[in-house]
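Taking it in order: structure first as structure tokens, then the write-up.
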Amino acid sequence: MSIWGWSGKILFMPFKIILSYYWPHIIKYKKSFFLSLVLYGSGVVIAGSVTPLYYKKIIDVISLGNTAQNKESLLMSLFVRLVLFLLAYNLFFRIADFFTVFCQTRITRDLKNYSFDKITEHSYSFFANNFAGSIVAKIKRFTGSFATIHEIAMFNFWTVGVKLISIISVLFWTMPVLGLVFSIWCVAYILMTMFFVKKKVKYNFAKAEADSQITARFSDIISNILNVKLFTSKNKEYESFRDVSEKERITWERSWKLSNVIFASQGLFLMALETTGMYFAIKLWLNGSISAGVVVLVQIYLGGIFASIWDLGRAIARFYDALANASEMVEIFEKTPDIIDVPSPETCAIKNGEIVFENMSFSYVENNPVFEEFNLKISAGEKIGLVGRSGSGKSTITKLLLRFIDIKGGVIKIDGQKISNLKQFDLRKNISYIPQDTILFHRTLKENIAYGNDQATDEEIIEVSKKAHAHEFISSFPCGYDTLVGERGVKLSGGERQRVAIARAMLKKAPILILDEATSSLDTISEKYIQDSFEQLMKGRTTIVIAHRLSTVQKMDRIVVLEKGKIVEEGEHKDLLEKGGVYSDLWNHQTNGFLE
């Protein structure tokens, strides 16, 4: 997949693969895109090749011995034409600018939307293993790289190419020898630039990687700023961050040093072109082979070529830099998500919420199974509690049911349908999940509560908030339900966040409810109120309650006790206590309602 390597580990994505992600969005605006190419190209031909010819003709008229009357008439005629061409050049460029703005802003928007769509297709484990800040930085560089590549392709590769071809064509027509020299020089210059730029690619990629690392470190420290302050670890984190920033500095310095070498080489090449071109022009004029106007024409063309080629050299370096920035995100696009929908998913028919785990096997690590031939049936509307010590597999069951991870063998069914045959969207639409550590969007309380039901009315939001005992604290805020909760809900206490999550789950009205330590952040008084609300919330729903605080599962229809991925006991609270087995032992070893 890659065409360049660095120390066997830094790989660069080929341009054709990167282009394959840009091109579908470009082609949607092909009329504007190609019209801008035509207009810019026409403007460059006029400005770079045609108008210098009129300057040549004006100089020739001035220097030749024409009569005063003929000179004035001819000069005015040439001047009028020159003005018309200059107006046409400016008109073409300004119209092309409008087309460019039209298509580039829309393509950039579409790329951002596409990136959002593709990145959210990845599984939960992908996000657990990657820094959020690093992913955001890669998306920004991917979309920003398109703007850079588009501008370079349009204003450097295309316009410079058109300009050079038109200038060399005129030179071949007026001075074939000089035209041949310019052609050979241009090819040599471009080859030299490509040689240097390919050597610089590894540094460009290292810069992009270093930028991702420093963004990730920033994000990690800021999102954990409470820990930094609590553990007084600012100095330690500063030293760690300084090491990362120093590595970034080294990569930038190496890249810039090589750039300086490239620019010095390009400068020598350009100086050779300018002096050689002018030398030939002077010699030809001294020999009487060309007029003074041609000497001026050569100088104008030399200046134009000098500026264009110099910009082209820098543009090629920036072009590969942009490719390096884009390749990190494209590498993620090229990865197949861990969890994918089947090609032809079934129509979701979940209604009652009967759940069946049939001969299920799963392992996080090869040859270290969490579940082997696991079987469990949960009837529609049944309320079960999952208990057991840490590592027994309780949370893994919920991840498998939500398809955050996939089973290795067996099947999981809801209302007779294999969940692997359903769209993930349809599956999760029918499950309300309240986690132990509730994370909210940095939006209003109203938006967070209504997140699972966009059609909910204000009255419905307030109703579920009252049932979740969230209305009391929400009403105490000056802005009420329009209060912003802060990033990840940091402006609220743990118990307040949990009650918002409970209200959100109530509003979703899914047939299956999962409570993963949903009352762990609540004080004893709040828990009593919430337990009352849960009883109403659970009515008519299949409910799975994961608990370390065993008091929360006493009223369940059935309690399932897990030990190392196996069901060792199941039954009602009272029966399990009387049995005197694992559950009874767990109950007797509790301190303040929690497992030791």
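Does segment 439-453 contain at least one residue that is surrounded by fewer than 22 Cβ atoms within 10 Å (Cβ to Cβ), polar (S, T, N, Q), within 34 Å of the chain's Cα centre (by Cα) and under 21 Å from Thr542 (Cα atoms)? Scanning segment 439-453, I find at least one residue that is surrounded by fewer than 22 Cβ atoms within 10 Å (Cβ to Cβ), polar (S, T, N, Q), within 34 Å of the chain's Cα centre (by Cα) and under 21 Å from Thr542 (Cα atoms), so the answer is yes. Filtering Ser36, Ser73 for residues that are at pLDDT 90 or above and either surrounded by fewer than 19 Cβ atoms within 10 Å (Cβ to Cβ) or assigned by TED's automatic domain parsing to the domain that holds Lys207 (or both) leaves a single hit, Ser36.
Residues that are surrounded by fewer than 17 Cβ atoms within 10 Å (Cβ to Cβ) and either modelled with pLDDT under 85 or of a type outside the set (S, T, N, Q) (or both) were ranked within segment 98-113; the one that is farthest from Phe425 (Cα to Cα) is Phe98. Looking only at segment 477-520, residues that are under 25 Å from Thr396 (Cα atoms) and not in a helix (DSSP H, G or I) come to 13 in all. Would you please list the contacts, defined by Cβ atoms under 7 Å and residues six or more apart or on different chains, that run from a residue in segment 27-50 that is closer than 13 Å to Ile165 by Cα to a residue that is buried (at least 18 other Cβ atoms within 10 Å of the Cβ) and at pLDDT 90 or above? Going by the 7 Å Cβ cut-off, the qualifying pairs are Ser42/Phe92. The set of residues in segment 335-361 being touching a residue at least 24 places away in the same chain (Cβ under 8 Å), within 29 Å of Ala128 (Cβ to Cβ) and not hydrophobic (A, V, I, L, M, F, W, C) consists of Lys335, Pro337, Asp338, Asp341, Pro345, Glu346, Gly353, Glu358, Asn359, Ser361.
Across segment 342-358, the number of residues qualifying as closer than 27 Å to Gly381 by Cα and part of a loop (DSSP other than H, G, I, E, B) comes to 10. Among residues that are part of a strand (DSSP E or B) and surrounded by fewer than 16 Cβ atoms within 10 Å (Cβ to Cβ), Lys413 is not included.
Grab the helices (runs of 4 or more DSSP H) fully contained in segment 420-474, keeping just those with 3 or more residues being farther than 30 Å from Val342 by Cβ, outside the structural domain of Ser123 (by TED's automatic domain parsing) and out of contact with any helix residue (DSSP H, G or I) (no Cβ under 8 Å at 6 or more places or on another chain). Talk me through it step by step, then tell me what you get.
Details: elements: 424-429, 445-449, 458-467.
Ranges flagged: 458-467.
So which residues in segment 532-580 are at pLDDT below 85, of a type in the set (S, T, N, Q) and surrounded by 21 or more Cβ atoms within 10 Å (Cβ to Cβ)? Across segment 532-580, the qualifying residue is only Thr552. Those helices (runs of 4 or more DSSP H) of segment 143-246 in which 3 or more residues are modelled with pLDDT under 75 and either surrounded by 15 or more Cβ atoms within 10 Å (Cβ to Cβ) or assigned by TED's automatic domain parsing to the domain that holds Thr108 (or both) occupy 176-223, 225-230.
The values are calculated or read from the model by the stated rules, or taken from the named source; none is laboratory data. Keep in mind the model is a prediction, meaning the values are calculated, not measured. Virtual Cβ from ideal backbone geometry, glycine too; neighbours counted across all protein chains shown.
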